[in-house]
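Since every read-out is calculated from the coordinates, none of them should be taken as a lab result. Because the structure is predicted, anything quoted here is derived from the model rather than measured. A quick note on method: Cβ atoms are made from the backbone with ideal geometry, for glycine too, and the neighbour counts reach across all protein chains shown.
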Amino acid sequence: MSSQTTAQAQALRLFIAQKSKPEMVDRLLQSLLAQRRNGMWQNSYDNAQALTALVEYSQLQPKPANFVAKVQLGGKNLGEIRFDSYHNLSADVKIPMAELPRGRRDLLLQKSGEGRLHYLAAYRYRLQGNQPGRFNGLRVTREVRGVGSGENVLQKVGLYAKDKPLSLESGQVFDVGLEIIVDHPVEHVVINDPLAAGLEAVDASFQTATAALQALADSWEVGFKTIYRDRIVAYADHLDPGVYSLHYLVRSVTPGTFLWPGAEVRLQYAPEEFGRAADSTLVVEGFER
């Protein structure tokens, strides 16, 4: 009954019994979880071995949180969140840049109750113009082509930003393809492609969808594709070194000039390893009368 999962689970239990460093135990846990495929291990015996190790790992965790956290910036109360057991594990407090107080101000966090509070304070802003992409272990490229036009690529955006905008006629359907390049085995890959404001995604899963409008085929390793109002999100459990593709349909609906943020691919549990395509500009032209 020996297997990689069994060996990994027993190694995790051994390091827990030896009271090894938490970071080493966490790495063994991540390696055990990475051996899952579609949320499960290979067979019932492997599942039992893995779950036994996970139960022992769970006993190392602190007691469930039961406290209230308050956030203040420059003397102004931004929020008061209660963390109760496992029902409310995280919360976000976002402030538009226009509402930030000017000058030097103190960010104050207060906690009352039992439990440990982890927090991240981040300041984000957008630079002017179309920004180039990034290559941090992964690479992604976006292509736009007309449906049924074969190899007729209207625009291809990789690491370098383009000054010339992409012009599309309104009321048309286009195929958007993402090419993901991986040079080493990776686990838990998240693909996020924002939509420009003048576009809307076409859900081809509806029974009313016409067979004449079909996106190109995706790589079978990429699954769990979900269409949102402002983006497309897909997920891959495991990718070996190679080139993978993801395609979906969009319809140009609103005339105007819009920013199109670059597509991004990253590892779910190691977000520092990611790739991002460059930003671009989209012009949707209205009908001529």
Could you work out which residue, out of H184, H247, H238, moves most in a Gaussian network model of the chain, that is, has the largest mean-square fluctuation with Cα springs under 10 Å? H184
Per the Kirkwood treatment, what hydrodynamic radius in Å, one decimal, follows for the stretch 134-285 from the mean inverse distance over all distinct Cα pairs? 15.7
In percent, how large is the relative contact order of the stretch 134-285, given Cα pairs closer than 8 Å and 6 or more residues apart? 38
The stretch 1-86: which chymotrypsin sites (Phe, Trp or Tyr not before Pro) are DSSP loop and have at most 13 other beta-carbon atoms within 10 angstrom? Y86
Amide H contacts under 5 Å for L138, restricted to residues at least 5 apart in sequence or on another chain and with H modeled in the peptide plane, are F274, G275
Filter the GluC sites (Glu not before Pro) in the stretch 109-184 down to the DSSP loop ones having no more than 12 other Cβ atoms within 10 Å, then list what survives. E151
Calculated Rg and Dmax of the stretch 66-114 using C-alpha coordinates, Å: 12.5, 38
What does the C-alpha gyration tensor say about the overall shape of the stretch 4-58? Classify as rounded when a/c is under 1.5, otherwise prolate if a/b is larger than b/c, or oblate. prolate
Which whole-Hz ³J(HN,Hα) couplings does the stretch 22-32 yield from phi under the Karplus relation 6.51 cos²θ - 1.76 cosθ + 1.60, θ = phi - 60°, glycine and proline marked x? x, 5, 5, 4, 5, 5, 5, 5, 4, 5, 5
Rounded, prolate or oblate: which one fits the stretch 32-163, using the alpha carbon gyration tensor with axes a ≥ b ≥ c (rounded when a/c is under 1.5, else prolate when a/b beats b/c, else oblate)? oblate
Output wanted: per-residue J couplings in Hz (rounded whole) for the stretch 248-254, from phi through Karplus 6.51 cos²θ - 1.76 cosθ + 1.60, θ = phi - 60°, x for Gly and Pro. 7, 9, 10, 10, 7, 10, 10
Three-way shape call for the chain based on the alpha-carbon gyration tensor, with the a/c threshold at 1.5: oblate
Which stretch or stretches of the stretch 63-104 have amide N atoms under 14 Å from the point lying 7 Å from S112's Cα along the Cα→Cβ direction? 67-71, 80-83
Connecting every pair of Cα atoms under 10 Å apart in the chain and solving the GNM, the largest mean-square fluctuation among L51, L100, L168 falls on L100
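In the neighborhood of I232, defined by Cβ-to-Cβ distances under 13 Å, what is the net charge if each Lys or Arg adds +1 and each Asp or Glu adds -1?
My count for the surroundings of I232 gives -3.
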Once you list every other residue whose beta carbon is under 14 Å from the beta carbon of A50, what net charge do they have if Lys and Arg are +1 and Asp and Glu are -1? +1
Simple spin-label estimate for R27/Q72, 7 Å along Cα→Cβ, in nm, reads 4.2
Note to self, the chain gives a 222 nm [θ] from helices alone (DSSP H runs n ≥ 4, -39500 (n - 2.57) apiece, / all residues, nearest 500) of -4500 deg cm²/dmol
Cα convex hull volume per residue for the stretch 213-285 (Å³): 127
